[in-house]
Amino acid sequence: MTSRAALEQARATGKGLLVDFSAEWCPRAKSWTCTCFAAGVKAEVAERFVPLKIDATEETDEVSRLEAKYGVPGLPTVLLMACNDPPPQQLNARSRRMGGPGDGFIPPSEMIERMRRVQ
């Protein structure tokens with residue numbers, strides 16, 4: 001799914017947008033995915049968000065454009081955005097960034113709490 005299609009689907013369904021930047025070569029991204037996206041988190045994502053996974057394994061022009069557009073500081077980065085506002089600038093209405101380098105990981109319970117704050 002493209003970022004534009006994900007945003008349109010989020011707006012059409014009244015859900016938020018979850019953008020997950022990761023790469024196969026990044027051990028932190030793999031650990032983040034296994035640890036944070038536990039069963040309860042996956043259920044919350046399915047209920048409240050349109051997920052968009054950006055695979056940055058290969059540094060393509062499109063990946064670079066999306067990283068710049070969303071202000072990604074490094075991998076892994078997960079963005080949670082409300083998409084029920086007027087058209088957000090650069091697909092970013094209100095966001096909460098989690099996971100960039102040095103940010104540390106958050107437990108699934110905190111991930112769910114943060115997801116529930118996105119309206």
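The values are calculated or read from the model by the stated rules, or taken from the named source; none is laboratory data. Small disclaimer: the values here were computed from a predicted structure and weren't measured. Glycine gets a Cβ as well: all are built from the backbone with ideal geometry, and neighbour counts include every protein chain shown. SASA here: full protein model, heavy atoms, side chains in, ligands and nucleic acids out. Shrake-Rupley method; radii C 1.70, N 1.55, O 1.52, S 1.80 Å.
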Exercise. Taking the stated definitions as given, is GLU59 touching an Asp or Glu at 6+ places or on another chain (Cβ under 8 Å), loosely packed, with under 12 Cβ neighbours inside 10 Å and not hydroxyl-bearing (Ser, Thr, Tyr)?
Worked result: no
Exercise. What pairs come up if the first residue lies in the stretch 1-21 and is in contact (Cβ under 8 Å) with a residue 24 or more places away in the chain, the second is open to solvent by 60 Å² or more (accessible area, probe 1.4 Å) and aliphatic (A, V, I, L, M), and their beta carbons are under 9 Å apart, counting only those six or more places apart or on different chains?
Worked result: GLN9/MET1
Exercise. In the stretch 34-45, what residues are modelled with pLDDT under 90 and over 18 Å from PRO76 (Cβ atoms)?
Worked result: ALA39, GLY40
For this session: Would you list the helices (runs of 4 or more DSSP H) that sit entirely within the stretch 1-57 and hold 3 or more residues that are closer than 23 Å to CYS83 by Cα?
Result: 3-13, 39-48
Seminar exercise, completed: Over the stretch 66-75, the set of residues open to solvent by 50 Å² or more (accessible area, probe 1.4 Å) and either in a loop (DSSP other than H, G, I, E, B) or at pLDDT 95 or above (or both) is PRO73
For this session: Could you tell me whether the stretch 12-33 includes any residue that is loosely packed, with under 12 Cβ neighbours inside 10 Å, among the basic types (Lys, Arg) and at pLDDT below 95?
Result: no
For this session: Can you work out which of the residues in the stretch 76-89 that are over 25 Å from GLU110 (Cβ atoms) and in a loop (DSSP other than H, G, I, E, B) is modelled with the highest pLDDT?
Result: PRO86
For this session: Confirm whether VAL41 is under 13 Å from the mean Cα position of the chain (by Cα) and surrounded by 13 or more Cβ atoms within 10 Å (Cβ to Cβ).
Result: yes
